[in-house]
Amino acid sequence: MRAFVISAVVAFSLTACVQQATKQPKIVPENAVTMRGELAREQRIANQQAFEPQSVTQHYRQTPVVTLDNYARNLVQELMTNHHNADENAMVAVTDLAFIDTDLQQGSVFTNHLSEAIIYDLHLFGVPVLDYKVTDYIRVTPQGDFVLSRDFNELSAELPIKYVVTGTATLHQAGIMLNARLIQIDSKRVISAARTFVPAAVYNAILQQHGDATLKLKQG
């Protein structure tokens, strides 16, 4: 009986060894624990971001901001690319673009901002820009010290300006169309022309502090 038990144990052991030998070895990468931990951590972060509200600051940090300066740069680049026989050393002045449905004597905060942006980009192109709003003196006031003026009587009557950047602005359903021109003053010749379309969101972003001045969508 004892011999039979020993034989049964030996047979069972041999069977277990054979079954173990026939199984495929399981290979576990050395970094399996690390990989599982990283995947779990990434999944937790993804779940957290999916359910947590995104802050306004974080939203604007991740969203590219397009301003009027980008469209002013487009105008200047096109003007400089398409100009014909312009004197590169002659002085250029920049005026406000007038709204096409007016007597061409009406601008706005939008066109003021646009002209300032055009001056900046022309300067980057190496164009000699003359600022005709500069007076011959500095005005010292309790509100600050100033050298610019919009009073015609305070400005020089004659300036060495040969070219002027001007144009028109037209309101459309989804924004505002800008047509700019580089004109030789003495001959009234159009030296160069450029066009760009500014979306309503960019237009309204400048005028949002002026109440009803925001762009109203209309047909046509």
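The values are calculated or read from the model by the stated rules, or taken from the named source; none is laboratory data. Predicted, not measured: the structure shown is a model, and the values here were computed from it. Here Cβ is always computed from backbone atoms with ideal geometry, including for glycine, and neighbour counts include all displayed protein chains. Quick note on the areas: whole protein, heavy atoms, side chains included, nothing else; ligands and nucleic acids left out. Shrake-Rupley method; radii C 1.70, N 1.55, O 1.52, S 1.80 Å.
In the range 142-167, what residues are over 15 Å from TYR132 (Cβ atoms) and buried (at least 17 other Cβ atoms within 10 Å of the Cβ)? GLY167 - this is the single residue of the range 142-167 that is over 15 Å from TYR132 (Cβ atoms) and buried (at least 17 other Cβ atoms within 10 Å of the Cβ). What is the number of the single condition among (1) within 20 Å of ILE185 (Cα to Cα); (2) among the small types (Gly, Ala, Ser); (3) not in a loop (DSSP other than H, G, I, E, B) that SER156 does not meet? Just one mismatch for SER156, condition (3). Summed over the range 109-141, the residues that are open to solvent by less than 50 Å² (accessible area, probe 1.4 Å) and assigned to a helix (DSSP H, G or I) give a count of 10.
Looking at the range 97-125 only, could you name the residues that are without any contact (Cβ under 8 Å) to a residue 60 or more places away in the chain and either aliphatic (A, V, I, L, M) or within 19 Å of ASN204 (Cα to Cα) (or both)? Selection gives GLN106, GLY107, THR111, ASN112, SER115, GLU116, ALA117, ILE119, LEU122, LEU124. Filtered by the rule that a residue be of a type in the set (A, V, I, L, M, F, W, C) and modelled with pLDDT of 90 or more, the range 56-89 gives ALA72, LEU75, VAL76, LEU79, MET80.
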